[in-house]
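One structure is given below, encoded as structure tokens.
The values are calculated or read from the model by the stated rules, or taken from the named source; none is laboratory data. These figures come from a predicted structure and were not determined experimentally. Neighbour counts run over all protein chains shown; Cβ positions are idealised from the backbone, glycine included.
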Amino acid sequence: MDMNEIKEIFFQECEEQLAELESGLLKLNDGDRDSETVNAVFRAVHSIKGGAGAFGLDDLVAFAHVFETTLDCVRSNKLEPNQDVLKVMLKAADVLADLTNVARDGGSVDDARSRGLVKELEALANGVPIASAPAEAVAAKVAAPAPAPAKAVAPVAATDDTGFQPIPFTFDDFDGPDDVVAQLPQFEISFKPRADLYSKGNDTTLLLRDLSRLGEMSIHCNMDALPLLPEIDAEAAYFEWTISIKTDKGEDAIRAVFEFAEWDCDLEIRAASEIAGVANVDEELPMVPVPFDLSALDDDMGLAEVEAEASQTDAAAAVAAAETASNVTQLASAAARAEKKEPAGAAAAAANAAAQNNAAAGQTIRVDLDRVDRLINLVGELVINQAMLSQSVIENDNNGTSSINMGLEELQQLTREIQDSVMAIRAQPVKPVFQRMSRIVREIADMTGKSIRLVTEGENTEVDKTVIDKLAEPLTHMIRNAVDHGVETPEKRVSLGKNPEGTVRLTAKHRSGRILIELADDGAGINREKVRQKAIDNDLIAADANLSDEEIDNLIFLPGFSTADKISDISGRGVGMDVVKRSIQALGGRINITSKPGHGSVFTMSLPLTLAVLDGMVVTVAGQTLVVPLTAIVETLQPEAAAIHSFGADHRLISIRNSFCPLVDVGRILNFRATQANPVDGVALLVESEGGGQRALMVDAIQGQRQVVIKSLEANYTHVPGIAAATILGDGRVALILDVDAVVAASRGQSLRAEMSYAAAG
């Protein structure tokens with residue numbers, strides 16, 4: 001594995017850490033003050049900083065260090081994570097993501113914004129409330145030196161290689177371990193940093209602090225290698241620590257603390273029972289007891305804020321550092337165990353066993369998506385060949401009782417299980433896309449001067465990765481539309497008796513083999529009079545057109561349509577909602593709108609769970625074989641002559657349980673035949689479509705229900721009106737997969753050619 005591959009792995013890990021960071025900050029913003037949430041946020045930034053230091057990404061390291069410092073104040077309860085503080089931290093998370101993207105793809109970041117956030121973060125770390133303090137006061141407080149601690153300590157002449165004075169602890173403040181602590185396993189640690197450890201953003205002070213959380217420890221700093229002041233190299237490392245710790249967490253938890261630094265230090269960990277003459281350890285090497293939480297370190301020294309300048313390293317050190325960066329996932333897991341405060345004594349064994357079980361259950365591997373796609377394609381070919389083989393055997397075995405036929409049935413079941421398992425590999429939660437929308441809401445809200453809160457539900461709903469990748473663009477346009485056009489300004493909301501803070505709700509859930517994504521806001525709703533007039537002014541509809549509320553709402557999906565009074569950076573050019581509809585249709589989905597003036601709007605997207613396979617009903621229409629998606633079918637029925645009613649010149653209705661439903665001849669709509677067929681001679685499929693209600697699709701016959709492999713017509717041929725895709729049947733023939741929504745739209749008077757032109761627009 002070369003350096004570029006290792007670096008790419010690091011950036012992939014950064015994406016996961018950034019998602020964890022934003023998720024934790026949003027939980028804090030919603031009132032979650034759990035310590036593990038705070039620790040997870042801190043670990044995410046610390047992991048990014050450590051990996052960035054390994055590759056010499058100085059800008060990313062510098063910003064992450066300031067961010068980490070402020071988060072450590074929250075972690076140590078010095079800073080209350082109120083709304084103003086979290087607003088700054090969410091912006092800092094956005095900048096951290098931008099810096100990561102720049103480090104990977106090139107480009108630049110807004111320096112003014114970055115520097116401004118650095119000052120705000122430093123101000124928060126120094127106890128200056130951003131929301132209330134004037135800018136001058138903030139700058140003065142940040143620039144001023146930290147006040148001297150009230151606690152008096154003995155003067156110390158030397159400093160260590162991090163730029164800090166040795167920790168001035170005394171035996172007077174130490175009461176000695178109690179009986180429980182005395183019975184805990186003891187470990188002896190020898191820790192000697194190298195210069196590379198500091199140049200990569202690590203800090204011995206933080207390492208010792210994290211180590212102290214595992215149990216009661218004593219430390220000794222060996223300064224024998226420290227030269228005289230004129231001979232000191234500012235980028236060198238001179239000190240060595242010997243640490244004795246009593247903990248029930250085990251050696252793995254201790255190594256987890258040093259995991260990010262183990263490549264750049266000399267580290268030795270041994271159980272005290274393995275060391276000869278362990279009873280004389282205290283006599284040979286004086287130990288300085290340190291309180292469990294290192295509170296003295298927090299009070300007297302503060303968080304380490306001085307880091308050595310990043311320097312060029314030799315090739316061997318660079319490779320070792322890169323290997324460290326490639327283990328960010330393992331580090332996060334180990335750091336989580338190190339941060340977690342486990343119960344002491346007998347309960348610790350059960351807790352450790354549970355932790356091991358959880359760790360084993362959560363093991364994952366990273367696989368290139370192209371390999372998964374190739375596996376899915378091969379499984380698709382397996383399904384086709386299995387269907388062909390079954391068809392051939394059935395045609396040659398009339399009684400259907402041969403051992404070959406029975407074996408093929410088992411093969412069919414196994415093939416289905418293999419296909420379901422392979423599809424599950426590519427199924428991913430929609431959480432990453434939803435989290436990305438949080439940043440968009442914050443940015444648009446700041447630009448428009450609105451106060452808006454994004455609420456997400458069903459983030460763990462899983463869908464095929466190919467669908468997730470194509471969801472970002474339509475969701476972005478819909479979020480921008482909801483914030484800019486839907487939600488009112490705080491002043492107007494107050495005048496209407498609403499909460500000044502608007503709410504945008506993003507929800508995902510499974511229903512009938514599809515995924516439903518709803519975007520709802522509590523804003524003003526759609527102004528139908530304004531939409532109608534705008535459509536008339538743009539010659540999109542006739543002035544005397546008689547449109548229902550639903551049809552008026554759907555006008556916003558037309559290309560070039562916009563209700564914005566003036567063009568801005570956010571909207572006004574008529575590009576957005578038409579992109580949404582085209583993107584959703586390209587995914588084989590549909591979208592509809594429900595709006596109530598004064599109460600808000602709800603946009604509902606219905607999408608297939610996967611773009612690779614579907615369950616369908618194989619039907620015959622005018623000698624052609626079609627596949628109707630099973631998720632669209634409500635029921636099938638055999639029409640009777642008494643249930644058929646004519647309506648107008650070319651329309652017919654079918655009576656179903658005392659209600660009338662339009663009857664659509666699929667063969668006539670697709671131009672497979674010139675005249676309408678007799679409904680009594682065929683079969684009716686009652687289908688549900690978004691925006692079109694229920695329709696009864698008339699076909700000649702039903703061949704059966706099958707799972708089919710989707711083959712794109714656009715990628716292999718061209719777009720065909722009324723057809724969503726194609727598949728290969730068991731007899732080797734190509735069958736077309738019906739686009740139910742397009743057929744229903746055509747039955748309402750909209751031509752399929754118009755649908756094709758609309759889909760190709762823009």
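Odds and ends about this structure:
- Tally of residues being among the hydrophobic types (A, V, I, L, M, F, W, C) and in contact with a strand residue (DSSP E or B) (Cβ under 7 Å, 6 or more places away or on another chain) across the stretch 244-260: 3
- Of the residues in the stretch 272-281, at least one is modelled with pLDDT of 70 or more and either more than 18 Å from residue 46 (Cα to Cα) or in the same structural domain as residue 59 (by TED's automatic domain parsing) (or both).
- Test: residue in the stretch 52-75 that is crowded, with 22+ Cβ neighbours inside 10 Å, touching a helix residue (DSSP H, G or I) at 6+ places or on another chain (Cβ under 7 Å) and polar (S, T, N, Q): yes
Let's see how each residue does on (1) crowded, with 18+ Cβ neighbours inside 10 Å; (2) acidic (Asp, Glu); (3) at pLDDT below 85:
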{"residue": "423", "(1), (2), (3)": "no, no, yes"}
{"residue": "427", "(1), (2), (3)": "no, no, yes"}
{"residue": "430", "(1), (2), (3)": "yes, no, no"}
{"residue": "435", "(1), (2), (3)": "yes, no, yes"}
{"residue": "445", "(1), (2), (3)": "yes, no, no"}
{"residue": "449", "(1), (2), (3)": "no, no, no"}
{"residue": "455", "(1), (2), (3)": "no, no, no"}
{"residue": "460", "(1), (2), (3)": "no, no, no"}
{"residue": "464", "(1), (2), (3)": "yes, yes, yes"}
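- Test set (1) in a loop (DSSP other than H, G, I, E, B); (2) under 30 Å from residue 389 (Cα atoms); (3) modelled with pLDDT of 85 or more - residue 673 fails condition number: (2)
- Qualifying positions in the stretch 74-90 - within 16 Å of residue 36 (Cα to Cα) and not in a loop (DSSP other than H, G, I, E, B): 74, 75
- Residue within the stretch 194-201 that is assigned to a loop (DSSP other than H, G, I, E, B), of a type outside the set (Val, Ile, Thr), buried (at least 20 other Cβ atoms within 10 Å of the Cβ) and not assigned by TED's automatic domain parsing to the domain that holds residue 48 present: yes
Residues are listed down the side, and each one gets a yes or a no for (1) surrounded by fewer than 10 Cβ atoms within 10 Å (Cβ to Cβ); (2) at pLDDT 75 or above; (3) not in a loop (DSSP other than H, G, I, E, B):
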position	(1), (2), (3)
331	no, no, yes
347	no, no, yes
364	yes, no, no
367	no, yes, no
398	yes, no, no
410	yes, yes, yes
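- The stretch 482-524 - residue that is out of contact with any strand residue (DSSP E or B) (no Cβ under 6 Å at 6 or more places or on another chain) and of a type in the set (Ser, Thr, Tyr) and, of those, farthest from residue 468 (Cα to Cα): 495
- So residue 453, is it closer than 28 Å to residue 91 by Cβ, in a helix (DSSP H, G or I) and either free of Cβ contacts under 8 Å to residues at least 60 places away in the same chain or outside the structural domain of residue 511 (by TED's automatic domain parsing) (or both): no
- Test for residue 85: is it within 23 Å of residue 209 (Cβ to Cβ), buried (at least 18 other Cβ atoms within 10 Å of the Cβ), modelled with pLDDT of 80 or more and not assigned by TED's automatic domain parsing to the domain that holds residue 217: yes
- Scanning the stretch 66-73 turns up no residue that is free of Cβ contacts under 8 Å to residues at least 60 places away in the same chain, assigned to a helix (DSSP H, G or I) and more than 24 Å from residue 261 (Cβ to Cβ).
- Just one of (1) touching a residue at least 40 places away in the same chain (Cβ under 8 Å); (2) more than 18 Å from residue 741 (Cα to Cα) fails for residue 608. It is (2).
- Here the strands (runs of 3 or more DSSP E) wholly within the stretch 551-654 that include at least 2 residues being in contact with a strand residue (DSSP E or B) (Cβ under 9 Å, 6 or more places away or on another chain), at pLDDT 80 or above and within 30 Å of residue 481 (Cβ to Cβ) are 590-596, 600-608.
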